[in-house]
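In what follows, a single structure is set out as structure tokens and then discussed.
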Amino acid sequence: MKKLLFFTPFLAYAISFNQIKTDIVNSTTYQIESKKIKLLNAKLKTINNQKYGNLQINYTAIRFLTRPYIKTKVAVGVNNNQLIYQQMDINSADMNHFIAELSYSLPIFNKSLNMSIKKSKLELIKQKLELDNVKRVLFLKTLELYTNIYALDANIKSLQFSKKALLSAKEKSKSLYQAGLLDKANYDEIEAKYYEVIAQIENLKAKKDSLLDTLSYVLNKKIENIEGIYLDDTQINPNFLNRADVKVIKEILNISNQNIKLAKSTYYPQIGLKVGLKREGDNFDLSKNDYSNLDKSYVALEVSYKFDGSNKYKVQTAKIAKNINNLFFIDYLNKVKMEFNNDKRDKKALFAQLKYINHEIKARESFYSYIKAKFNEGLADATDLNNAIAKLAIAKSKKEYIKSKIFFLNEKMKIDGGVDVFSK
């Protein structure tokens with residue numbers, strides 16, 4: 001691995017990008033997403049517990065408005081060898097009636113429940129992958145902020161070089177002007193350029209502070225400055241299926257398959273076993289029943305099937321959704337491959353630019369020294385000197401900008417290529 005390090009002499013409390021990667025988990029966005037895992041885990045436990053059945057206790061106290069009775073016919077005599085019947089009402093319960101029941105229901109065969117449990121497990125897995133993807137997105141966000149801050153700081157330093165060079169030129173031009181060797185227009189030109197550079201420095205410092213505040217907000221931690229960057233031209237062998245966002249989409253496909261199975265599960269009946277300890281009486285403690293037996297305990301086998309003509313359409317809908325998700329997955333995978341290859345080409349081009357910018361800086365430095373000497377001799381005017389200083393500063397700033405872009409693309413290509421950047 002060929003790695004070139006570039007550090008900026010910041011303060012002791014400056015943060016490195018490796019520290020930023022560690023601090024991503026402190027982000028409020030990350031914390032909120034992690035809480036969703038607990039919610040889905042609780043949902044899974046709730047659904048999963050249904051397969052163990054449920055225990056229910058009921059106690060009912062009834063006060064009839066009309067005393068319950070049974071209509072029946074009772075033989076009251078004989079006529080011509082034929083029994084004579086008379087309609088009679090016979091009491092069947094007291095006005096007060098009490099029922100206590102302890103029952104346990106257990107699903108023996110419930111395909112819908114089994115499919116729902118499997119779907120909840122997949123949803124939990126998906127949410128965990130979503131959390132990894134949030135971490136990935138935050139990584140890219142902080143990477144962008146970090147490199148932009150570095151580029152801004154490099155631009156500030158190049159302008160500070162200009163400020164120092166212009167201050168020297170301003171002092172020299174003042175001496176030449178006072179000696180009558182330089183006209184006032186040239187002196188004023190250098191002085192104006194000097195104060196213009198000071199204003200530019202203050203503007204860039206304000207922008208840098210804004211980006212630092214944004215980085216602090218994202219990480220939920222005060223960041224006052226950053227450290228340097230490194231350039232790495234090591235080739236990255238991508239494994240796109242290992243990307244967090246790709247894993248999420250793959251899991252959505254798994255859930256689509258499960259949705260089809262869940263829709264098909266409605267074709268099956270539900271079979272359950274129910275056991276109940278039941279007691280009915282005429283008093284509160286259920287010790288008396290003048291009209292029927294006290295104990296009405298039971299064992300029951302329950303079979304239910306819902307005839308719904310929309311079931312087949314639910315299956316068709318689930319299949320269509322799966323096909324859509326499958327097409328999206330293929331398209332997304334092609335897109336990430338394309339973006340990775342584009343970044344790879346851009347990184348190669350930037351390394352080439354870095355090589356040539358170094359030659360440009362040497363030439364600019366040489367030209368600046370030449371113009372500065374000519375100006376001190378009164379053989380060059382202020383415009384020539386200002387241009388030489390500005391172009392040298394621009395070249396230096398451009399070099400640092402290229403370095404920051406290389407650093408950005410290299411780190412981006414790692415995470416986009418499926419590399420686990422958080423374990424290193």
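Every number here is computed from the coordinates shown, using simple stated rules; none is lab data. Since the model is a prediction, treat every value here as computed from it, not as a measurement. FYI the Cβ positions are ideal-geometry reconstructions off the backbone, even for glycines, and counts take in every protein chain you see.
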(Q) Semi-axes of the equivalent ellipsoid for segment 376-424, please: Cα gyration tensor eigenvalues, times 5, square-rooted, ordered largest first, whole Å. (A) 44, 8, 5
(Q) As a test of the formula, what do you get for the chain when each DSSP H run with n ≥ 4 contributes -39,500 (n - 2.57) and the sum is divided by the residue count, at 222 nm and rounded to the nearest 500 deg cm²/dmol? (A) -22000 deg cm²/dmol
Q) Suppose R0 equals 45 Å; then what is the FRET efficiency for PHE284 and GLN316 from their Cβ-Cβ distance, rounded to the nearest 0.05? A) 0.20
Q: Could you tell me the convex hull volume per residue, in Å³, taken over the Cα atoms of segment 101-249?
A: 213 Å³
Q) Given the Cα-Cα distance of ALA42 and ILE57 and 0.36 nm per residue of separation, how much length would full extension add, in nm? A) 3.0 nm
Q) Straight-line reach from LYS355: which lysines have Cα under 16 Å away, leaving out those fewer than 8 places along the same chain? A) LYS2, LYS3, LYS347, LYS396, LYS398, LYS399, LYS403, LYS405
Q: Could you check the simple spin-label distance between TYR69 and PHE351, using points 7 Å along Cα→Cβ, in nm with one decimal?
A: 10.4 nm
Q | log10 of Debye I(q)/I(0), alpha-carbon scatterers only, for segment 284-366 at 0.18, 0.19, 0.20 Å⁻¹ | A | -0.96, -0.99, -1.01
Q) To the nearest 0.05, what FRET efficiency results for LYS35 and LEU277 with a Förster distance of 41 Å applied to their C-beta separation? A) 0.45
Q: Find the Cα radius of gyration of segment 181-234, compare it with 2.2 N^0.38 Å by division, and give the number to two decimals.
A: 1.91
**Q.** Long-range HN-HN contacts of GLY418 with modeled amide H, under 5 Å
**A.** ASN239
(Q) Rounding to the nearest 10 and keeping the result within 0 to 90°, find how far the Cα-based axis of helix 184-219 lies from the longest principal axis of the chain. (A) 20 degrees
Q.
Could you tell me the ratio Rg/Rh of segment 27-98? Both radii from Cα atoms, Rh via Kirkwood.
A. 1.60
(Q) Under a crude label model (7 Å from the Cα following the beta-carbon direction), how far is ASN358 from GLU339 in nanometres? (A) 3.2 nm
**Q.** Identified option (computed mean projected area of the Cα convex hull in nm²; candidates (1) 43.4; (2) 29.9; (3) 38.3)
**A.** (3)
Q. Taking Cα atoms, how many degrees apart are the long axis of helix 111-178 and the longest axis of the chain, rounded to 10 and kept between 0 and 90?
A. 20 degrees
Q | Difference of contour (0.36 nm per residue) and Cα-Cα distance, SER304 to SER16 | A | 97.3 nm
Q: With a/c under 1.5 counting as rounded, go ahead and sort segment 198-264 into rounded, prolate or oblate using the C-alpha gyration tensor (a ≥ b ≥ c being the square roots of the eigenvalues; past the cut-off, prolate if a/b is larger than b/c, else oblate).
A: prolate
(Q) I need to check one value: relative contact order of the chain, counting alpha carbon pairs closer than 8 Å and at least 6 residues apart, in percent. (A) 25 percent
Q. By average Cβ neighbour count within 10 Å, what is the ranking of 301-314, 409-422, 104-117 from highest down?
A. 409-422, 104-117, 301-314
Q: Treating each Cα of segment 264-412 as an identical point scatterer and ignoring solvent, apply the Debye formula and state log10 I(q)/I(0) at q = 0.10, 0.13, 0.17 Å⁻¹.
A: -0.73, -0.88, -1.04
(Q) Along the Cα→Cβ direction, 7 angstrom out, place labels at ASN81 and ILE198. What is the inter-label distance in nm? (A) 13.9 nm
Q.
Under the rule a/c < 1.5 gives rounded, and otherwise a/b versus b/c splits prolate from oblate, where does segment 249-335 land using the Cα gyration tensor?
A. prolate
(Q) Please give the Cα centre distance for segment 346-368 versus segment 146-200, rounded to the nearest Å. (A) 23 Å
Q) How big is the antiparallel share of DSSP beta bridges in the chain, given as a percent to the nearest 5? A) 100 percent
Q) Would you list SER256, SER162 from fewest to most Cβ contacts within 10 Å? A) SER256, SER162
**Q.** Compactness of segment 79-158 - radius of gyration and Dmax, Cα, Å
**A.** 38.5, 131
